[in-house]
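Enquirer: My questions will all concern the structure given below.
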Amino acid sequence: IRSSEAELMNSPLATAVADLAIEVSGPLARRPTIGGSVLFRRLDIAIPERLPGASRPLQNVRQIHAPKYVRAAEARRKAARKKGRRAPAFDAVLNLSLEAPNRVFVRGRGLDAELAGAMKLTGTLASPVPVGGFQLRRGRLAVAGKRLDFTRGSVAFTGTLAPTLDFEARAQAASVLVIVGVSGGADAPSFAFSSQPELP
């Protein structure tokens, strides 16, 4: 599968445009291998004021005039349920290279930042293993009418979907330099506040 400037996603939370060079091989209905590369031309991530509520699947949905291959797959699933065993789950093997040399924007809640980086995605769809990260190119944070400029920032993936964060932002307030640091896992980050000269 090859594509140039394909719009992979367009939602209120994210918009992604990328070049694709994807190869799919193996038993497609059960455990194929998905490999190749994705080069992001632009990735816009919006941080909303609040996240939407959890959605649930629609109940009692039935497909009308389903194609023959869909009917055959459903018949196999029903036969497996009657025999008391579950049909084998679909789980593709991943071997993808993801690159974003620039134009990865994160905006919202006072944050305006651009990042760049690369990542290797292996494992499976059920258990992906991301390795790599993104480095801050520029960024600022507006809090309570004050602007803090980021002096460094990185998001590192080391095999889990919860990345490790390392950010520092600084702001000059009169004769005091205020420093805010964010570090640790994204699921439980640590915030540190300091100043030069030191304040209580």
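The values are calculated or read from the model by the stated rules, or taken from the named source; none is laboratory data. All values reported here derive from a predicted model rather than from experimental measurement. Quick reminder, even Gly has a Cβ in these numbers, built from the backbone with ideal geometry, and neighbours come from all protein chains shown. When the accessible area is computed, the model is the full protein with side chains, heavy atoms only, and any ligands, DNA or RNA have been set aside. Shrake-Rupley method; radii C 1.70, N 1.55, O 1.52, S 1.80 Å.
Enquirer: Specify the longest stretch of the chain that does not include any exposed loop site, a site being one of the trypsin sites (Lys or Arg not before Pro) with a non-H, G, I, E, B DSSP assignment and at most 14 other Cβ atoms within 10 Å.
Expert: Numbers: sites that count: Arg30, Arg50, Arg62, Lys83, Arg85, Arg86, Arg109.
For trypsin sites (Lys or Arg not before Pro) (loop position, at most 14 other Cβ atoms within 10 Å), the longest site-free span of the chain is 110-200.
Enquirer: According to the square roots a ≥ b ≥ c of the eigenvalues of the Cα gyration tensor, what is the shape class of the stretch 1-77, taking rounded for a/c under 1.5, prolate for a/b larger than b/c otherwise, and oblate for the remainder?
Expert: Numbers: a/c = 2.67, a/b = 1.22, b/c = 2.19.
Oblate, because a/c is 1.5 or more while a/b does not exceed b/c.
Enquirer: Taking the structure as given and computing log10 I(q)/I(0) by the Debye sum over Cα atoms at q = 0.09, 0.11, 0.12 Å⁻¹, which label from [x] -0.41, -0.59, -0.70; [y] -0.53, -0.73, -0.83; [z] -0.36, -0.53, -0.63 fits?
Expert: [y]
Enquirer: Given the options Leu125, Leu58, Leu28, state which has the largest fluctuation in a GNM of the chain using a 10 Å cut-off (strictly under) for Cα springs.
Expert: The residue that fluctuates most here is Leu58.
Enquirer: Next question, about the same structure. Would you work out the charge dipole size for the stretch 108-187 about its Cα centre, treating the Cβ of every Lys and Arg as +1 and the Cβ of every Asp and Glu as -1, and quote it to the nearest 20 debye? Write out the running numbers ahead of the final one.
Expert: On the way: 9 positive and 6 negative charges, 47 e Å.
Approximately 220 debye in magnitude.
Enquirer: Per residue, how much accessible area does the chain show when a 1.4 Å probe rolls over the protein heavy atoms, in square angstrom? Intermediate values should be presented prior to the final figure.
Expert: Numbers: 13940 Å² over 200 residues.
Result: 70 Å² per residue.
Enquirer: So what's the net charge close to Ser183: Lys and Arg +1, Asp and Glu -1, counting the other residues with Cβ under 10 Å from its Cβ?
Expert: On the way: positive: none; negative: Asp166, Glu168.
Once all neighbours under 10 Å are counted, the net charge is -2.
Enquirer: What's the carbon and sulfur percent of the chain's accessible surface, probe 1.4 angstrom, rounded to a whole number?
Expert: Numbers: 7910 of 13940 Å².
Answer for the chain: carbon and sulfur cover 57 percent of the accessible area.
Enquirer: If we count every other residue with Cβ under 12 angstrom of Leu43's Cβ, Lys/Arg +1 and Asp/Glu -1, where does the sum land?
Expert: Details: positive: Arg41, Arg42, Arg103, Arg107; negative: Glu7, Asp44, Glu99, Glu114.
For residues surrounding Leu43, the net value is 0.
Enquirer: Quick check for me: using +1 on Lys/Arg Cβ and -1 on Asp/Glu Cβ, what's the dipole size of the chain about its Cα centre, in debye to the nearest 20? List each step's numbers first, then the result.
Expert: Working: 29 positive and 16 negative charges, 319 e Å.
Magnitude of the dipole: close to 1540 debye.
Enquirer: Can you list the lysines whose alpha carbon is less than 20 Å from that of Lys68, not counting same-chain residues fewer than 8 positions off?
Expert: Lys78
Enquirer: Before rounding to the nearest 500, sum -39500 (n - 2.57) across all DSSP H runs of length at least 4 in the chain and divide by the residue total; then give [θ] at 222 nm in deg cm²/dmol. The partial results should precede the final answer.
Expert: Details: 1 runs with 15 residues, N = 200.
Helix contribution divided over all residues of the chain: -2500 deg cm²/dmol.
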